[in-house]
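Working notes for the structure below.
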Amino acid sequence: MSSKSAIVIAIDGPSASGKSTVARIAAVKLGFNYVDSGSFYRGITWKALREGIETTDSQQVVALINRIDFQCFLRDGSVQFTIDGEEPGDQIRSQPVQEHVSDIAAVPEVRTFLVNMLRETARLGSLAMEGRDIGTVVFPDSPFKYYLDADPEERARRRYNELAVKNGYSNVGEVFDSLARRDRKDTTRKAAPLQIALGAKVIDSTGMEADQVVDLILNDVRAHTAGK
């Protein structure tokens, strides 16, 4: 399948809004490939921290992306990657990576590099891709753009239940503060700030189960692709 014939479902939203779970389930139900665009940014952050690079030093970060070998591949319906031949695995979910990824994501050269990598994944087939600028920057022409949001306290509870214990957070309040810092950085950065894409359907997932959100998206996709 060529990238031009691939269907892309673009799901954006802040951290812990449910977009990862929703995109993953939607991909399975539609037979699409799942892409966690944030994992790409966390991968670069993991590599920078491993090499002792100061993540706020954009020159060092740009030098890093200019020398690494970043390769994407498909495994069990999910797009994965290696950096210099190594898969970072769960290390990209660690607290240090979570705290520094916004610094990396704010570097324009990093965004250009990874936007190109993300667009290339459409050559592997149709996608359900989630992130923060999928509908605004990566695939702005997709007719299937969604913005997931939820109450900040609900998002903090979700993230705490998902990752906090093994990643070093001791209570929901710490997670709430971490998400608040991430939101500020994401919405105020100069390069592709988090915002609702033109034409995107906004879904408030507070109090909703993931399957309910998925059904809303799948019904919309199927209604627009019926008979095509």
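Tabulated results
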| read-out | value |
| --- | --- |
| Residue identified as crowded, with 24+ Cβ neighbours inside 10 Å, charged (D, E, K, R) and over 18 Å from His224 (Cα atoms) among Arg132, Arg123 | Arg132 |
| Selection within segment 1-42 - hydrophobic (A, V, I, L, M, F, W, C) and assigned to a loop (DSSP other than H, G, I, E, B) | Met1, Ala6, Ile7, Ala16, Phe32 |
| Residue within segment 52-69 that is more than 17 Å from the chain's Cα centre (by Cα), within 30 Å of Val214 (Cα to Cα) and touching a residue at least 40 places away in the same chain (Cβ under 8 Å) present | no |
| Enumerated strands (runs of 3 or more DSSP E) restricted to segment 102-214, each holding at least 2 residues that are over 16 Å from the mean Cα position of the chain (by Cα) | 201-204 |
| Thr82 being modelled with pLDDT of 95 or more, part of a strand (DSSP E or B) and closer than 25 Å to Val61 by Cβ | yes |
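Per-residue answers, yes or no, for (1) modelled with pLDDT of 80 or more; (2) hydrophobic (A, V, I, L, M, F, W, C); (3) more than 30 Å from Lys29 (Cα to Cα):
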| position | (1), (2), (3) |
| --- | --- |
| Ala122 | yes, yes, no |
| Phe144 | yes, yes, no |
| Asp149 | yes, no, no |
| Glu154 | no, no, no |
| Tyr160 | no, no, no |
| Val172 | no, yes, yes |
| Asp177 | no, no, yes |
| Arg184 | no, no, yes |
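The values are calculated or read from the model by the stated rules, or taken from the named source; none is laboratory data. No experiment lies behind these values; they were computed from the predicted model shown. Reconstructed Cβ throughout: ideal geometry from the backbone, glycine too, with neighbour counts over all protein chains shown.
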